[in-house]
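One structure below.
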């Protein structure tokens, strides 16, 4: 993770971001075996002040991962188990009637729900109906809860880290696209390797249980988030992110005479909105700092493209019939969309040059 462009010492702000990340990874690895990419993406979302949804089949330690991250941060943590009978007020809170026994006067008092914490674990968020899922919308976007016409601000920082089961079983409700768009990342967690699974079984079947210590306080988290946001980005990098996002909008013509990749043309039903480009840039800033860079390059955009775009691209029926995933479409975009629109040079073209 060294800065290849210079032998000069890294700026203090970059060093703090990298050190914060190293300490978090080290602490989380005491409990979570492998899943390096997943852990990195969860921490990237936190460093960017973004929300994330972790998708995976049961038994892959999704809940354990998020609760371990929460324990490593000196923040108030709240877990909500989403079930089919969960009501919106069970999350946001509700007004109750208080009676003064001396005067008999009655008044409404707001009782805060579990959403009033710094980190919310929305466990199995797709197991509750859309009405209850929507209770998080205002919280995620506006950092407040409105009940009875009164807005109640949420504590800062505020993150929603959700888990979701991809298997369409009875009692699951896919998240609406509008709410999915509020999540900065959709993170896929896959089965461990054989060696990783061996280590998981060793740890879980033993008598010792690893514990997580707090390694970052709110002040450090705020400094890291501010450092990420202030990382400079050149216009040509922003334009590359825009080309990736705009290529998913099949109803719009391509810019600069470019040709839309075939997978996107054939299998996208609806493309990503402007929030996708915003999150690509912010996530690339955090990725750059973790690698010791003081500026963002197109390679950093490429590194975060899948978790940012995979849940913002809606595929059509042909994609489902042919087994084409959004990750495959994003891979095709990364291969085909030029890094530089003036020369038309793409990542695939560069690979051919360097392999020749």
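Give the shape of the range 232-355 as rounded, prolate or oblate, defined through the alpha-carbon gyration tensor: a ≥ b ≥ c are the square roots of its eigenvalues, a/c under 1.5 means rounded, and otherwise the shape is prolate if a/b is larger than b/c and oblate if not.
prolate
So what's the angle, to the nearest 10 degrees on a 0 to 90 scale, between helix 235-246 and the longest Cα principal axis of the chain?
80
How high is the relative contact order of the chain, in percent, counting Cα pairs under 8 Å that sit 6 or more residues apart?
Across the chain, relative contact order equals 21 percent.
Using the Kirkwood radius over Cα pairs, work out the Stokes-Einstein diffusion coefficient for the range 12-225 at 4 °C and 1.567 mPa s, in µm²/s as a whole number.
Working: Rh = 18.7 Å.
After rounding, the answer is 69 µm²/s.
Sort the range 123-252 into rounded, prolate or oblate with this rule: let a ≥ b ≥ c be the square roots of the eigenvalues of the Cα gyration tensor; rounded if a/c is under 1.5, and if a/c is not under 1.5, prolate when a/b is larger than b/c, oblate otherwise.
Because its axes are fairly even, with a/c under 1.5, the range 123-252 counts as rounded.
What full-extension length gain, to one decimal in nm, is calculated for residue 236 and residue 191 as 0.36 nm per residue of separation minus the Cα-Cα distance?
Between residue 236 and residue 191, full extension yields 12.5 nm more.
Tilt of helix 194-205 relative to the longest C-alpha principal axis of the chain, in degrees (0 to 90, nearest 10)?
The answer is roughly 20 degrees.
If packing is taken as the average number of other Cβ atoms within 10 Å across a peptide's residues, how do 311-323, 263-275 rank, most packed first? Before the final figure, lay out each step's value.
On the way: 311-323: 15.1, 263-275: 17.4.
Ranked from most to least packed, the peptides come out as 263-275, 311-323.
For the chain, find the longest principal axis of its Cα atoms and tell me its angle to the long axis of helix 218-229, 0 to 90°, nearest 10.
30
Could you check what % of the DSSP bridge pairs in the chain are antiparallel, to the nearest 5?
Percentage antiparallel, nearest 5: 45.
Debye sum, Cα scatterers, the range 1-136, no solvent: what log₁₀ I/I(0) at q = 0.10, 0.16 1/Å?
-0.49, -0.93
May I ask you to derive the FRET efficiency for residue 270 and residue 202 from their Cβ-Cβ distance with R0 = 51 Å, giving the value to the nearest 0.05? Present the calculation step by step, with values, prior to reporting the outcome.
Values: r = 46 Å, r/R0 = 0.89.
The computed FRET efficiency comes out at 0.65.
What list do you get for 71, 101, 131 if you sort them by fewest beta carbons within 10 Å?
By the 10 Å Cβ count, ascending, the order reads 101, 131, 71.
Readers should treat all values here as calculations from the given coordinates under stated rules, not as data from a laboratory. All values derive from a computational prediction rather than experimental measurement. Cβ coordinates were reconstructed from backbone atoms using ideal geometry, including for glycine residues, and neighbour counts include every protein chain displayed.
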